[in-house]
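Report on the structure given below.
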Amino acid sequence: MKNPILNPVAKQHSNNTFTADEVGLANRNSGTLLETLRHDVTPVGAHYLLNHFDIPYVESADNWTIELSGLFQKPQSISFAQLQGLAPQTQRVTLECAGNGRRHVQPHWPSQPWSVEAVGTADWTGVSLKSVLELAEPEAHCSEIVFHGTDTGVDGGAVHHFARSLTIENSMLDEVMLAYAMNGQPLLPQHGFPLRLIVPGWYGMASVKWLNKIEAIDYAFQGHQQVGTYVYRDKKDDHGTPVSKIRVRSLLIPPGIPDWSTRQRLIRPGITNIIGRAWCGGGTAVARVELLAGERSIEATVHPSSDRFAWQLWEAQWEATEGQHILSCRATDANGNQQPLEPRWDAAGFGNNAVQQVEVWCEDY
């Protein structure tokens, strides 16, 4: 009998409800609570979480080092203490999982069954990646930088560490950083303690956790998490397009009070202030948000962000009348990109930025 872990049965798309394995993934990972969108900075315990493999046990950062190897003129190991001795920086960054919204793409790919909650914003403190790379001096013919985490597992039938690469040009951007603190405290184990990469404006898969090795190469990295997944595909076996920058998106805080199991909302009639968040990748601002209530479109007030890579607050006035309502919000970025009303299909359910729908029952209870 073949080992089913190293010789997995090919996955298939499904229109059915979620499997026990998918429910198990959902129990390990967590989305933010939509009511916490009121916070400019997501509380650490409410920030979305996705880990592919087990959380590595790191007792202390004292002996943690980063190995810089490959095509560097000065390959070296840098201790955690040395990193903390470099000029620190703090950035407010919104991170979103590339699979956010997967459960709404049908037929769906068997994986983490995100609804819309796989997003969070934190104040990340660390040092610029550029300053660390400059210490080791990449060779002129270096084309990519590979980031290796210590978390290890099996995906696609292959044993590997989680690893991703960026082009040398993207790696040298001022905003890309090595972070050792989140919201003013050391990283929690599940968020990459003691060190992780943060790539602002990109989906979360780029921000490698438990980072212990940075490698300079002169070819296209072929790691599983680079080419075997995190690729937009119209068909399962297409070569596809790599997932990178976050697509424009918005969420609203469901108004009123929830039903315990369905999360449908109950609200009294009258004027209600609806608020939410909107964001986009690449440092692009959100220019417009519409609150959609049935066939009615209400222009929202969009507030600027304190950081070009953090989400923006928006608010709109809605007059709730008795009966059932479906509320949505639709963002448009400064380049004219707009959220679709219906999910765009992707083989793995990546990049679904279709509008959120919230069912509201209005009654004078």
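Of all residues in the range 259-299, which are basic (K, R) and part of a strand (DSSP E or B)? Scanning the range 259-299 gives R265, R277, R288, R296. Checked against the criterion of being at pLDDT 95 or above, within 19 Å of W202 (Cβ to Cβ) and buried (at least 20 other Cβ atoms within 10 Å of the Cβ), the candidates L129, L68, L83 yield just one match: L129.
Screening L86 with (1) without any contact (Cβ under 8 Å) to a residue 60 or more places away in the chain; (2) in a helix (DSSP H, G or I) gives one miss only, at (2). One residue stands out in the range 319-348 among those that are closer than 24 Å to R265 by Cα and of a type in the set (A, V, I, L, M, F, W, C): the one that is surrounded by the most Cβ atoms within 10 Å (Cβ to Cβ), namely A331.
When each of A10, A81 is tested for being part of a helix (DSSP H, G or I) and either touching a strand residue (DSSP E or B) at 6+ places or on another chain (Cβ under 9 Å) or of a type in the set (A, V, I, L, M) (or both), the lone residue that passes is A81.
In the range 6-25, the residues that are more than 16 Å from V105 (Cβ to Cβ) form Cβ pairs under 9 Å with partners that are outside any loop (DSSP other than H, G, I, E, B), at six or more places apart or across chains, as follows: L6/V154; L6/A158; L6/V159; P8/V154.
In the range 205-224, what count of residues is obtained for those that are of a type in the set (G, A, S) and farther than 15 Å from A163 by Cβ? Total satisfying the criteria: 0.
Within the range 102-111, the residues that satisfy the criterion of being out of contact with any Gly (no Cβ under 7 Å at 6 or more places or on another chain) and not in a helix (DSSP H, G or I) are Q106, P107, P110.
For the range 319-339, give me the residue count where each residue is in a loop (DSSP other than H, G, I, E, B) and in contact with a strand residue (DSSP E or B) (Cβ under 7 Å, 6 or more places away or on another chain). Step through it out loud before you land on a result.
Going through the range 319-339, the residues in a loop (DSSP other than H, G, I, E, B) turn out to be 321-322, 334-337, 339.
Pick out the ones that are also in contact with a strand residue (DSSP E or B) (Cβ under 7 Å, 6 or more places away or on another chain) and you get 321-322, 334, 339.
Of the residues in that region, 4 qualify.
For the range 304-317, does any single residue satisfy the condition of being more than 30 Å from V208 (Cβ to Cβ) and touching an Asp or Glu at 6+ places or on another chain (Cβ under 8 Å)? Among the residues of the range 304-317, at least one is more than 30 Å from V208 (Cβ to Cβ) and touching an Asp or Glu at 6+ places or on another chain (Cβ under 8 Å), which makes the answer yes. Note on the range 300-318: residues that are surrounded by 12 or more Cβ atoms within 10 Å (Cβ to Cβ) and either charged (D, E, K, R) or part of a strand (DSSP E or B) (or both) amount to 10. When R296, R268, R344 are checked against the criterion of being over 25 Å from the mean Cα position of the chain (by Cα) and either over 23 Å from E35 (Cα atoms) or not basic (K, R) (or both), R296 stands alone in meeting it.
When you check E67 against the structure, is it assigned to a strand (DSSP E or B) and within 20 Å of N212 (Cβ to Cβ), yes or no?
On the way: assigned to a strand (DSSP E or B): yes; within 20 Å of N212 (Cβ to Cβ): yes.
In short, yes.
The values are calculated or read from the model by the stated rules, or taken from the named source; none is laboratory data. Fair warning: this is a prediction, and the values are worked out from it, not measured in the lab. Cβ atoms come from the backbone with ideal geometry, glycine included; neighbour counts cover every protein chain shown.
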